[in-house]
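A short write-up of the structure that comes next.
Please treat every number below as a calculation from the coordinates, not as lab data. What you see is a predicted model; the values in this text were computed from it and never measured. A quick note on method: Cβ atoms are made from the backbone with ideal geometry, for glycine too, and the neighbour counts reach across all protein chains shown.
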Amino acid sequence: LNTSSSQIVIVGKISDQMGVDTVSITKSVNFSDPNVFPHVSHAKVYITDNAGNTDTLSELVAGSYITNPRFKGVPGRTYTLTCIVEGITFVAKSTIPQPVAIDSIYIGTNVNTGFGGGGGRGGNKEKTVNVVLNDPAGILNFYRLVDYQNGVEDKASIISDHLLDGQSIARSINIKNIAIGDSITIELEAIDNAVYEYYRTSGRSNFESAMPANPVSNLSNSALGYFSAYSVSRKSIVVKP
């Protein structure tokens, strides 16, 4: 693979939940180099909204900048992230969609037909977590589903209602080594179109193959990464016999 110059990588999030949100700033490295990404300190980082509010983020540890806990995202508002790094200004905008509630989650059982007989796994029953949401009609919605097993994030997937507008949307999530007594939490993030495109083109949402090019970013000045302003709904369930 060809070598490339190091690029700024910005990953920023702000949600409608109470608590701090973070922006991380690092630099990319060549494919042949160790996966140690240099943290970028001493950047100036701001988040503003279209209601005239501004938050200046503080650097918690090297390359990690946090919001004021009182600066909470509001659905319907557009947020602008500005990062001044080594004299270069990077900007991204993201709008928080209205939250969409999870209608229900329940534990189901799938029969694993893989490998077949001969001592293989064919016929084994595996528990799955099933999620149902009612998509609002007349609005193009984009979602990110994140599952947590006993408080630890497992994986995420993305959904568009492009062909499912106004319908009940169901998704089945396979969680490895799920056991009786486990607590499973599903987080439904309502994200905007630009952030959905980032996840879709990045291969970071349970797609099996790597993408042939950099993912689509909503950041200016050719920075890598993304800025997501999103709303959240959650439901939890305990696995029973």
Ordering of 225-232, 139-146, 39-46 by burial proxy (mean other Cβ atoms within 10 Å per residue, highest first) = 225-232, 139-146, 39-46
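Within the stretch 155-189, report the trypsin sites (Lys or Arg not before Pro) that DSSP leaves as loop and that have at most 10 other Cβ atoms within 10 Å.
Values: sites: K155, R171, K176; in loops: K176.
Sparse-neighbourhood loop trypsin sites (Lys or Arg not before Pro): K176.
So if we plug the beta-carbon distance of N221 and N193 into 1/(1 + (r/R0)^6) with R0 = 30 Å, what FRET efficiency do we get, rounded to 0.05?
Between N221 and N193 the formula returns 0.90.
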Given a Förster distance of 35 angstrom, what is the FRET efficiency for N50 paired with S104, based on the Cβ-Cβ distance and rounded to 0.05?
-> 0.50
What is the distance, in nm, between label points placed 7 Å from the Cα along the Cα-to-Cβ direction at S58 and at H39?
-> 1.6 nm
Where a Cα-Cα gap under 30 Å defines reach, which lysines qualify for K127, not counting those fewer than 8 residues away within the same chain?
-> K155, K176, K235, K240
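Quote to one decimal, in nm, the extra length available between T78 and V91 on full extension: 0.36 nm per residue of separation minus the C-alpha distance between them.
Numbers: separation 13, 0.36 × 13 = 4.68 nm, distance 1.30 nm.
Gain on stretching T78 to V91: 3.4 nm.
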